Each structure stands twice: as C-alpha cells, then as structure tokens.
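All remarks here apply to the structure that follows.
The values are calculated or read from the model by the stated rules, or taken from the named source; none is laboratory data. Just so you know, these numbers come straight off a predicted model, no measurement behind them. Note that we place each Cβ from the backbone using ideal geometry, even for glycine, and neighbour counts take in every protein chain shown. Ligands, DNA and RNA are stripped out before the accessible areas are found, and what is left, the full protein with its side chains, is counted by its heavy atoms. Shrake-Rupley method; radii C 1.70, N 1.55, O 1.52, S 1.80 Å.
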Amino acid sequence: MSARRHWDPFEGEIEVETPELSSIRKGIALPLWLKRIPLPAVLFSLVWTMAAGFGGGGFPFVPVTVTTFAFGTIFLMEILENADGHRTRRRILIARDRNWSYTGKFLEWQIERKPARDSDGNFERRSQRVKPQRLKTIETAIPELTVMQAGSFMGVRLDGEFWGESVQDGLPLWVALGAMQMEAALGPRERRRDARGGRGGYGQFISLLGAYRIGRKTGIRAIIRPENIANRGPFDRDIKTESIHFNEQFHVSGRSVATDGEMDVSREVLQILTPATQATLLDLAVRFHTVGFVVVDDVLFFMAQDKLVGENASEGGIDRLLPGILEEFEAAKLSIKRYVE
C-alpha cells in the first residue's frame with residue numbers, strides 16, 4: 001500500500017505506509033484453556049526448583065527440566081499463535097474498512113547492545129530494550145494521560161497508531177492503542193467481567209489515546225484526569241466544579257500556553273468543563289475503566305481504557321469486538337469535543 005499523508009497532533013503532518021496483508025504471517029488460534037497453562041506451570045516449577053535446591057541432596061535435575069520445559073511452552077505458543085501478526089492483520093483490516101492508515105512501526109521497541117559495567121567493574125556489551133522516539137514524544141507531550149500517576153492512574157501501553165478522518169464528522173483524527181495481557185483468576189468478581197458479557201480470569205487490558213482538532217484556540221492547557229486517592233483534605237487543591245461527585249472522580253488543573261502557567265486560568269478551564277461536559281465524563285467513567293482528557297490550545301487529547309475477559313479476550317473475540325470499541329471511543333471523544341467547542 002502506498003504511503004499517505006495525514007494530520008498528526010505531534011508533527012503537524014506525517015507520512016504513513018500501511019503494511020500489506022500478504023506480508024503478515026497468520027498464526028494458529030489456540031484455545032484459552034491451553035494458553036493459560038504455561039504461566040501457572042512456570043510459577044509451580046520455579047517454587048519446586050527453589051524448594052529442591054534448599055532441601056539439598058544434589059542438583060535438582062527434574063525440577064529444572066520441568067521449569068525449562070514450562071518456559072519453552074510459552075515461547076512455543078507465541079510462535080504458533082503469532083499474536084503480533086494476528087494483531088497487525090486485525091488492525092489493518094479495521095483501517096482498510098475506515099479508509100484510515102495504520103502502522104505499529106513507529107512504536108516498536110528496539111534491541112540495542114550497549115556498554116555496561118559488570119560486578120567486577122569491567123565493561124561488557126549487554127542487550128537492552130530501547131524505547132522508541134515516537135513513544136517518548138507522546139509521553140512528553142501528554143504525560144498526564146500516558147505515564148503512571150501513583151495513586152491515580154496506571155499509565156497506558158501503546159503499540160500501534162491509526163490516522164484518518166472521523167467516520168462521524170469527517171474531521172482528521174489520530175488514535176493510538178495497545179493491549180496488555182491480564183490474569184485475574186484470583187481477583188475480585190468485577191475484574192473477571194467486562195462490559196460485553198465476557199467472564200473469566202484471562203483477559204486483555206486495552207488502552208486507547210486519541211486526538212482531534214477543536215474549532216477554536218483556547219490559549220490554555222486544561223487537564224482532566226482520574227483523581228489521586230491521596231488527594232484528601234488539605235492536599236485536595238485542584239480546580240473545583242459545582243459537582244461534588246465530579247470533583248471526587250477527577251483531578252482538574254490548567255495553565256496558560258503563552259505564559260507557561262504564570263497566570264490563573266481557572267475560569268477558562270471551567271468554561272471547558274460545562275455541566276454537559278462533566279455529565280458526559282461521569283457517564284464515560286461508568287462505561288470505561290479509566291477516562292481523561294487534555295486540551296492543548298486547539299487540540300483535544302482523550303484517553304480511555306477498557307478490558308475484555310474470557311472468550312471475548314480470545315483472538316476471535318477481539319477480532320469481533322475491537323471495531324465496536326473503536327467506534328465507542330470515537331463517539332466518546334466527539335461528545336466531549338462538542339461541549340469543549
């Protein structure tokens with residue numbers, strides 16, 4: 001597929017080439033019960049190996065062999081399933097259906113060999129995973145919606161990006177997303193259910209981050225993110241709205257873009273946080289696991305996190321449900337943008 005140019009919230013304009021489907025290898029769809037076996041097997045074998053080692057009686061050949069085999073099954077399943085390839089194919093099909101562009105190339109972590117000192121003080125070259133520059137740019141631009149905030153927000157994991165025009169209003173938009181495997185078999189009941197009827201301990205935790213241009217320049221940076229559980233009493237010093245419930249759910253702050261925070265912009269932030277905006281965010285906070293948004297002058301960044309569990313988190317389930325999740329996310333962004341403007 002030929003490269004296309006799109007609006008981008010960080011570079012202004014960017015050229016994107018969507019991979020060809022024919023270049024992506026298909027994997028084998030493995031049942032969930034089989035995919036869940038290796039992790040507990042690894043944990044059990046590690047405990048067995050440690051117990052056998054402390055117990056003495058020579059080298060624990062059997063536990064070490066079982067541990068090695070358990071680790072090997074993890075890599076074997078990854079090869080057979082080719083989850084990365086399946087994920088890329090799924091997203092390419094979504095982009096093709098919406099006439100968007102997609103690539104995960106800009107967010108790929110690289111392996112580099114760098115010099116480091118060993119325990120004796122000698123230099124040696126070690127392999128290290130290096131964060132891509134694109135991801136650094138995103139995190140630097142909007143850390144409030146991407147980087148972990150202790151007591152408030154676990155952060156996002158992004159591994160692919162879409163560019164195109166909104167299906168709903170034809171305006172340019174950018175959407176980044178990522179998924180992280182989760183295991184909640186021993187967790188509370190609510191963690192083992194999703195909003196689409198899925199039930200089970202195995203799941204996928206999905207992060208979405210999008211950007212729209214709004215119809216005016218605000219001159220401020222307005223930040224609405226999940227409230228920190230430690231912000232109580234004298235520590236609760238953010239901008240307050242008239243809604244006690246909203247103040248309990250969200251932390252609100254802002255600063256001037258021109259003066260870099262040297263003037264009070266509370267009034268301007270509250271003009272964005274209209275009662276309709278607050279009601280929309282509270283509704284979204286019920287639907288999604290986490291929501292928040294940042295307005296940087298004339299660009300609206302919106303973040304939401306969702307989860308799929310049980311059969312919904314299988315490759316087939318994600319194939320079926322991810323397009324709908326993206327549509328809900330786009331509609332959520334648009335509903336906030338409508339009131340911000």
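Order the following by accessible area, largest value first: Ser256, Ser22. Probe radius 1.4 Å; ligands, DNA and RNA are ignored. Write out the running numbers ahead of the final one.
Numbers: Ser256 5, Ser22 115 Å².
Ranked list, largest accessible area first: Ser22, Ser256.
Express in Å², to the nearest 10, the accessible area of His245 obtained by rolling a 1.4 Å probe over the protein heavy atoms while all chains stay in place.
We get 100 Å² for His245.
Among the listed pairs Lys114/Lys136; Lys131/Lys307; Lys35/Lys114, give every one whose C-alpha distance is greater than 28 Å.
Values: Lys114/Lys136 19 Å; Lys131/Lys307 25 Å; Lys35/Lys114 34 Å.
Over 28 Å apart, Cα to Cα: Lys35/Lys114.
Normalising by the residue count of the chain, find the relative contact order in percent from Cα pairs under 8 Å and 6+ residues apart.
Details: 579 pairs, mean separation 53.2, N = 341.
Value for the chain: 16 percent.
Along the Cα-to-C-beta direction of Arg320, a point sits 7 Å from the Cα; which residues of the stretch 166-198 have their amide N less than 20 Å from that point?
182, 192-198
Amide H to amide H, which residues 5 or more places from Asp194 or on other chains are under 5 Å from it, using H placed in the peptide plane?
Val309
If you line up the Cα atoms of the stretch 145-229 on their principal axes, what length do they span on each, largest first, in Å?
Here the Cα extents, ordered largest to smallest, are 48, 32, 22 Å.
Return the sequence-ordered ³J(HN,Hα) values of the stretch 152-165 in whole Hz as given by the Karplus equation 6.51 cos²θ - 1.76 cosθ + 1.60 applied to θ = phi - 60°, using x for Gly and Pro.
9, 8, 7, x, 10, 10, 10, 9, x, 9, 10, 9, x, 10
Heavy atoms only, probe 1.4 angstrom, no DNA, RNA or ligands counted: give me Glu144, Glu248 ranked by accessible area, highest first.
Details: Glu144 25, Glu248 120 Å².
Per-residue accessible area, sorted high to low, gives Glu248, Glu144.
Placing +1 at every Lys and Arg Cβ and -1 at every Asp and Glu Cβ, with all other atoms neutral, what dipole size does the chain have around its Cα centre, in debye to the nearest 20? Numbers along the way, then the final one.
Numbers: 45 positive and 44 negative charges, 149 e Å.
Using Cβ point charges on Lys, Arg, Asp and Glu, the chain gives about 720 debye.
Out of residues 5 or more away from Val299 or on other chains, whose amide H comes under 5 Å of its own, with H placed 1.01 Å from N in the peptide plane?
It is Ile214, by chain and number.
What are the trypsin sites (Lys or Arg not before Pro) within the stretch 192-236 that DSSP puts in a loop, where the Cβ has at most 15 other Cβ atoms within 10 Å? Could the numbers behind the result be given before it?
Details: sites: Arg192, Arg193, Arg196, Arg199, Arg213, Arg216, Lys217, Arg221, Arg232; in loops: Arg196, Arg216, Lys217, Arg232.
Sites meeting the loop and neighbour criteria: Arg216, Lys217, Arg232.
State to the nearest 20 debye the size of the charge dipole of the stretch 177-278 about its Cα centre, where the only charges are +1 on K and R beta carbons and -1 on D and E beta carbons.
Values: 16 positive and 12 negative charges, 87 e Å.
It works out to roughly 420 debye.
At 7 Å along Cα-to-Cβ for each site, give me the label-to-label distance between Trp33 and Gln128 in nm.
The two pseudo-label positions are separated by 4.5 nm.
From largest accessible area down, sort Thr68, Thr137; use a 1.4 Å probe on the protein chains. Don't jump to the answer; show the numbers that get you there.
On the way: Thr68 90, Thr137 55 Å².
Solvent-accessible surface, decreasing: Thr68, Thr137.
How many nm separate the modelled label positions at Glu268 and Leu80, each set 7 Å beyond the Cα in the direction of the Cβ?
Computed distance between label sites Glu268 and Leu80 equals 5.8 nm.
Quick one: go through the stretch 280-302 and flag any residue whose amide nitrogen is under 12 Å from the point 7 Å out along the Cα-to-Cβ line of Ala258.
Backbone N within reach: none found.
What number, rounded to the nearest 500 deg cm²/dmol, is the helix-based mean residue ellipticity at 222 nm of the chain, given -39500 (n - 2.57) per DSSP H run of at least four residues and division by all its residues? Can you show the working numbers first?
On the way: 10 runs with 124 residues, N = 341.
Only helices count here, giving -11500 deg cm²/dmol.
Using amide H atoms built in the peptide plane, which far-off residues or other-chain residues are under 5 Å from Tyr202 H to H?
Excluding prolines and chain starts, which carry no amide H, the hits are Ala184, Gly310.
Of Leu308, Trp48, Ile223, which is farthest towards the positive pole of the chain's charge dipole, taken about the Cα centre with +1 and -1 on the beta-carbons of Lys, Arg and Asp, Glu respectively?
Farthest towards the positive end: Trp48.
So if I average 1/r over every pair of distinct C-alpha atoms in the chain and take the inverse, what Kirkwood radius in Å does that give? Don't skip to the end; give the middle numbers.
Details: mean 1/r = 0.0442 Å⁻¹.
Kirkwood radius, the chain: 22.6 Å.
So what is the relative contact order of the stretch 32-81, in percent, for Cα pairs below 8 Å that sit 6 or more residues apart?
Details: 28 pairs, mean separation 22.5, N = 50.
Here the relative contact order equals 45 percent.
Please list, in order along the stretch 136-150, the HN-Hα scalar couplings obtained from phi with the Karplus expression 6.51 cos²θ - 1.76 cosθ + 1.60 (θ = phi - 60°), rounded to whole Hz, x for Gly and Pro.
4, 4, 5, 5, 5, 6, 9, x, 5, 10, 10, 9, 4, 10, 4
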